[in-house]
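Enquirer: What follows is a single structure, and I will ask about it in a moment.
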């Protein structure tokens, strides 16, 4: 009964209250194109990424998110294209999201570029709401009907300013507000979100760089939330850092460049809210693949020129062999 009450509380918070609805990512700085279409095409190579998030593990009905995204530069046209597919499950709720991105890049100065992006696609929403309560005792009409395959098309825009050592983005990936099938105007729906992201890179010494970043999210009827992250990079091969999500979690992040094509990342969230009493924290796994034979003319904030000038040497503690 305790689990049912807690699960129902989370579902009501997600459906009745117009709070943060899009999936959250601790490793957002490597997955920006899912919320800002202007971020596609800024890398030198065609790339694909999968991010799988298991939130509040050990908790019945806890959120699970699976995503696959890809993008590539079209240097001849100063553009980039990409896509993202996200499957999100929270208790009885299931959503499938498929979106396509296009971005056009212009040179502002010798080193700084501006990207303007368009995103369009759809979300399919289903929810087995009648499974949550005994229908004979139900007092909230929200739970009297299941929702199957509610189709919600949408579109949005984004801006992204970037240089080799910094980036700043502003986007609203879903302009159209939708109400879930069979719900009233006061409950259940998809509200417009606004995302602000930014990051900077500076060297600490010859081998180590620091990459602080931030992600701020706004939505109608909900409090603004933010993530603040500090990542440290050792010789462009090993990443480690800490992050804080407002009122929710403290996170530990780690990544490793396996070879020129593959990068693996992991993040663990230590829950700070009351949900920590019923969960063991959250896990997030990331795998990125870059087709290095596909070269573009644009520069990426996340890739250094030095990385292209030398092959990865796993004897990273022997400087003579690295040089």
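The values are calculated or read from the model by the stated rules, or taken from the named source; none is laboratory data. Everything quoted here is computed from the prediction, not taken from an experiment. Virtual Cβ from ideal backbone geometry, glycine too; neighbours counted across all protein chains shown.
Yes/no matrix, rows are residues, columns are (1) modelled with pLDDT of 95 or more; (2) within 24 Å of residue 214 (Cβ to Cβ); (3) in contact with a strand residue (DSSP E or B) (Cβ under 8 Å, 6 or more places away or on another chain):
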site: 105; (1), (2), (3): yes, yes, yes
site: 116; (1), (2), (3): yes, yes, yes
site: 123; (1), (2), (3): no, no, yes
site: 133; (1), (2), (3): no, no, no
site: 141; (1), (2), (3): no, no, no
site: 170; (1), (2), (3): yes, yes, yes
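Enquirer: Here is a further query. Would you point out the residue of region 192-213, among those that are out of contact with any helix residue (DSSP H, G or I) (no Cβ under 8 Å at 6 or more places or on another chain) and surrounded by 18 or more Cβ atoms within 10 Å (Cβ to Cβ), that is modelled with the lowest pLDDT?
Expert: 193
Enquirer: Yes or no: residue 264 at pLDDT 95 or above, touching a strand residue (DSSP E or B) at 6+ places or on another chain (Cβ under 6 Å) and surrounded by fewer than 14 Cβ atoms within 10 Å (Cβ to Cβ)?
Expert: Judged against the criteria, residue 264 is a match.
Enquirer: Any residue in region 76-90 that is crowded, with 18+ Cβ neighbours inside 10 Å and modelled with pLDDT under 90?
Expert: Yes, region 76-90 contains a residue that is crowded, with 18+ Cβ neighbours inside 10 Å and modelled with pLDDT under 90.
Enquirer: A follow-up question, please. With respect to residue 205, determine if the residue is without any contact (Cβ under 8 Å) to a residue 24 or more places away in the chain and in a loop (DSSP other than H, G, I, E, B).
Expert: Yes, satisfied.
Enquirer: If you don't mind, there's one more thing I want to ask. Out of 236, 215, which single residue is on the phi > 0 side of the Ramachandran plot and touching a residue at least 24 places away in the same chain (Cβ under 8 Å)?
Expert: 236
Enquirer: Among the residues of region 220-234, which ones are surrounded by fewer than 20 Cβ atoms within 10 Å (Cβ to Cβ) and in a strand (DSSP E or B)?
Expert: 222, 223, 224, 225, 226, 228, 230, 232, 234, listed by residue number.
Enquirer: Still on this structure: Quick check: is even one residue across region 292-308 surrounded by 14 or more Cβ atoms within 10 Å (Cβ to Cβ) and modelled with pLDDT of 75 or more?
Expert: Looking for residues that are surrounded by 14 or more Cβ atoms within 10 Å (Cβ to Cβ) and modelled with pLDDT of 75 or more, one finds at least one in region 292-308, hence yes.
Enquirer: So, in region 235-249, exactly how many residues are modelled with pLDDT under 95 and assigned to a strand (DSSP E or B)?
Expert: The total comes to 2.
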